[in-house]
1. Condition (residue is over 24 Å from residue C:415 (Cβ atoms), outside the structural domain of residue C:180 (by TED's automatic domain parsing) and either over 20 Å from the mean Cα position of the chain (by Cα) or not in a loop (DSSP other than H, G, I, E, B) (or both)) applied to segment C:94-114: is it met by at least one residue?
2. Looking only at segment A:20-54, count how many residues are more than 12 Å from chain C (Cβ to nearest Cβ) and within 7 Å of ligand 1 (Cβ to nearest atom).
3. Does residue C:338 count as under 19 Å from the mean Cα position of the chain (by Cα), of a type in the set (Lys, Arg) and at pLDDT below 95?
4. Being touching a residue at least 24 places away in the same chain (Cβ under 8 Å), facing chain C (nearest Cβ under 7 Å) and of a type in the set (S, T, N, Q) narrows it down to one of B:37, B:41, so name that one.
5. Check residue A:256 against each of (1) surrounded by 21 or more Cβ atoms within 10 Å (Cβ to Cβ); (2) touching a residue at least 12 places away in the same chain (Cβ under 8 Å) and name the one condition it does not meet.
6. Which condition number does residue C:277 fail, the rest of (1) without any contact (Cβ under 8 Å) to a residue 12 or more places away in the chain; (2) over 24 Å from the mean Cα position of the chain (by Cα); (3) in a loop (DSSP other than H, G, I, E, B) being met?
7. If you scan segment A:332-364, which residues turn out to be within 14 Å of chain C (Cβ to nearest Cβ) and within 12 Å of residue A:71 (Cβ to Cβ)?
8. Working carefully through the options A:274, A:296, A:286, find the one that is among the hydroxyl-bearing types (Ser, Thr, Tyr), in contact with a strand residue (DSSP E or B) (Cβ under 6 Å, 6 or more places away or on another chain) and away from ligand 3 (no atom under 16 Å from the Cβ).
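The values are calculated or read from the model by the stated rules, or taken from the named source; none is laboratory data. This structure is a prediction, so every number in the text was calculated from the model and none was measured. Cβ placement follows ideal geometry from the backbone for every residue including glycine, while neighbour counts extend to all protein chains displayed.
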Amino acid sequence: MKLPVYEVLIIGAGIVGAACAAACAREGLEVGIVEADIVGGGATAAGMGHLVVMDDSEAQFALTRYSQTLWRRLSEQLPADVEYDGCGTIWVASDADEMSAVVQKKQFYESRGVPAQILDSHQLHEVEQSLREGLPGGLLVPEDAVIYAPCAARFLVEQAQSRGAQLHCPRVVTEIAPDGVRLNDGSSIVAQSIVVAAGTWSTRLFPGIDVRPRKGHLLITDRYPGFVRHQLVELGYLKSAHSFISESVAFNIQPRKTGQMLLGSSRQFDKDSSEVDHPMLARMISRAEEFIPNLSRLSAIRTWTGFRAATPDKLPLVGPVPGHENLFLATGHEGLGITTSLGTAELLLNQLLRRETEIPAAPYLPGRVYEGVHA
Amino acid sequence: MPDTITVNVNGTAVSVPSGTTALAAILIAGAPSVRRSVGGSPRGPLCAMGVCFECRATVNHRRHSRTCQILCTPEMDIRTGEQVDG
Amino acid sequence: MASRPAHFDVLIIGAGPAGIAAACCASESGARVGLLDNNPQIGGQIWRGESQHPSHIEAREWLQKFASAKIEFLASTEVIDHLEPGRLVVQSVGMQSGDDVRELTYRNLILCTGARELFLPFPGWTLPNVMGAGGLQALVKSGLPIADKKVIVAGTGPLLLAVAAHLREHGAEVRLIAEQAPRHRLARFALSLAFERAKLAQAFAIRRQLSSVPYKTSCWPIRATGEGKLETVFLRTGAHTWQESCDYLACGFHLVPNTELAALIGCELRGGFVQVDDSQRTSIAGVFAAGELTGIGGVEASIGEGQIAGYAATDRSGSTASLLPQKQRLDHFASLLKRTFALRDELRSLPDSETLVCRCEDVKFARIRNHSSWRDSKLHTRCGMGPCQGRICGAATEFLLGWRADSVRPPVFAAPVQVLAIAGSSQSQPDLVSHEEFR
Ligand SMILES: Cc1cc2nc3c(=O)[nH]c(=O)nc-3n(C[C@H](O)[C@H](O)[C@H](O)COP(=O)(O)OP(=O)(O)OC[C@H]3O[C@@H](n4cnc5c(N)ncnc54)[C@H](O)[C@@H]3O)c2cc1C
Ligand SMILES: Cc1cc2nc3c(=O)[nH]c(=O)nc-3n(C[C@H](O)[C@H](O)[C@H](O)COP(=O)(O)OP(=O)(O)OC[C@H]3O[C@@H](n4cnc5c(N)ncnc54)[C@H](O)[C@@H]3O)c2cc1C
Ligand code: FES
């Protein structure tokens, strides 16, 4: 039997693997994709799909801004079911201290070419009437957007397929071999380069990497068009004593194009079960109610959970594995992988082709967290 | 409870026997449909037992209420035509 | 939560025949028994509205028993969530504030959540006045005047006759009963009823009432049309198709169990039904199931199972011995029902490409049919993502495409956000977080 042979084999068809496949196929590489379950069915099916520029580190900023620009460029081509909505983000301050952080945040963004606008208490209430009165204001970042990631992943896979990429689905990679991969049906695939984009499952293929699943809860309501108009996120970071808390909630609400409200967010480590954790969900809701009292009256139709692939320094692992020139990682995107999938794909493509990357690749190289792994 | 109850369907008073559901009141009032679907087509009830959600309307200002599960009470305010932007 | 949770030794969900029987039997032990239902009155789908003037013998008997037993009935109460073993969150149906959200705790739980109709998509099935068969009956029971309306009753199952009779009684002009099952299977079914005097008497009574109504077998609706509401139904029998004008089409393709709560609790399902042992125990300790949830077997079977569950849940399994032979006989009846009213393959081609399968999200058949599974289709087309959470399209695609819509998440029924907040609220205040932690 003739084995399939590819220049690049991508493991995982979440948003990250899908973006890598589309980028590689666009450059004319022969691409294979192996997906264990369904396209976009992992963390990609759970995440909020907020395309957001972040300012907590220069590296985080660079990758999110780069990716956001790529999404904006792609948005014209996206089919309606990807629900691209350039609604922007408002970072909401809840007291005077946070309002001064808003000023700093604006300076950070503007000095790097990202439009941002300060809203005072009155303006904030004007644009978001569901927010409780008396909030001091917020920062509007108009270029942020929202998408529906499972359909985005499928669009990217189909784009790759239209340029010759092959999707092997459902097939599970059970082992990475020097010349390719072994699958659960006993067959093998030969490939010159392999990209592991298996999200939180990447540790099964690479026991050596420090990627931990970080659980999150979400809740979606029935349709209430116009209830909120921007993605609203609390700014409350000044209150936080530690940058790393094992369990936390924050106010984060997103208007879907359908008119539904999608409510986040929570974070928990060391949870294996995908079941909804009721106290956690309740805390998440009460936090949101502090900002939007009327939220409590909306009809909730479903809750669910998802797992983010978290790394210790909150930056993804993108690039070659030390000691394995043809083995690449594209995982560890934590709560930003939908945003950063497109930037990740461009970085990875250029690394594969040994070309210069458009933004510095060093902060994301797997080599920063470990010397070598046993594949 | 009195034998007949007067409720408001889309602003018009309608008298119905007690024990009537909000859904039946809507239909008695002569509304051609209960809601518009997300694609804009008119819909009426399907299951009348609370599972299909086709009978959603705004009852006493609460949107997306399943009217087949709600008994009419005096002065109940019922508004139909619930749709994506409604 | 407004007040301290009410505690029950035995809590029964669903006040149809199974739930009423379970409650009555459980209360004999002196245990504190609670029975709740999302309807304002007891009776479930079949005995709905019978509490005033029961017409069935069994109904009268059990409703009397219920009235004299010590049972707390929580009307218009819906289970929203299962927090952990022993703890449920319920709310009043159509509640207007958070005050009527409550936690109920239990030692043993008996699930008697019954069944709903199976609805199959065909062109025009979303038009107003195309309803379920049981659906139209329920609507008439809840106040819809039907006198002089032209109705076609269609689909499959013994329910069609009962519905037609009920509608006639209320003055409807039933123009046709279209049963998809073939005549020879129905004849065999009728023959086996000959050994069941009660069932046969019932059947004869209904037939007498319906003597002037055309009853066609191997016949089913293929399309409905109308401007803004139903006007015409197209039907088929064999190679022959024709149209009938009417005001209502009451159409149901027999029943599917309401397993959502059982699934959320974690009870094992097989072939779509909750698995139980001889004492109606599910795979989860302290949780029992009775009635249509465990198999579609009709009223008698439901009552029998309810009795067994009621005794077993109060540690008096001894009392159930006499019920077992009856249970076996009724199991036989259940499999007979299943064989008689098995859906014909032709019904799989009822929907055309444009037919909406998911009524909440308006998803066309063409969009879903090439997906690999329920979840694949749901994630990429929104089929099943609406407020009914796949209760209608999930059962339909199970028949049409062999999928299983198996994923249940809280809330069991759409509920105000605050209900979910109240549900877990005994905890401490949330931590505040750093801003990179927000997602
Ligand atoms: C609650 C929550 C909210 C979020 N919100 C946002 C947000 O608003 N914005 C944002 O940018 N990001 C957000 N994220 C993060 C985002 O969802 C993830 O970072 C992103 O989806 C990761 O994509 P992925 O392709 O790496 O992983 P996944 O989507 O998990 O894909 C991995 C794929 O690999 C497949 N796979 C695994 N093992 C194998 C194997 N051995 N063989 C073959 N295939 C395999 C899996 O089946 C899966 O399809 C959120 C995450 C969560 C949990
Ligand atoms: C942006 C966005 C918008 C969405 N909008 C909607 C919407 O409008 N309506 C809607 O219904 N959904 C919506 N979803 C959510 C979607 O239906 C899924 O719930 C979501 O993708 C997460 O999947 P899940 O974990 O619920 O897994 P599922 O798709 O439910 O299934 C995953 C597997 O987990 C199992 N499982 C499910 N529940 C449990 C449990 N409690 N414990 C253990 N195992 C369990 C299932 O059996 C299944 O095999 C949306 C998702 C996104 C990303
Ligand atoms: S008619 Fe189905 S929920 Fe009311």
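1. yes
2. Result for segment A:20-54: 2.
3. yes
4. B:37
5. (1)
6. Condition not satisfied by residue C:277: (2).
7. Once the filter is applied, which keeps residues that are within 14 Å of chain C (Cβ to nearest Cβ) and within 12 Å of residue A:71 (Cβ to Cβ), segment A:332-364 yields A:338, A:339, A:340.
8. Testing whether each residue is among the hydroxyl-bearing types (Ser, Thr, Tyr), in contact with a strand residue (DSSP E or B) (Cβ under 6 Å, 6 or more places away or on another chain) and away from ligand 3 (no atom under 16 Å from the Cβ) leaves just A:274.
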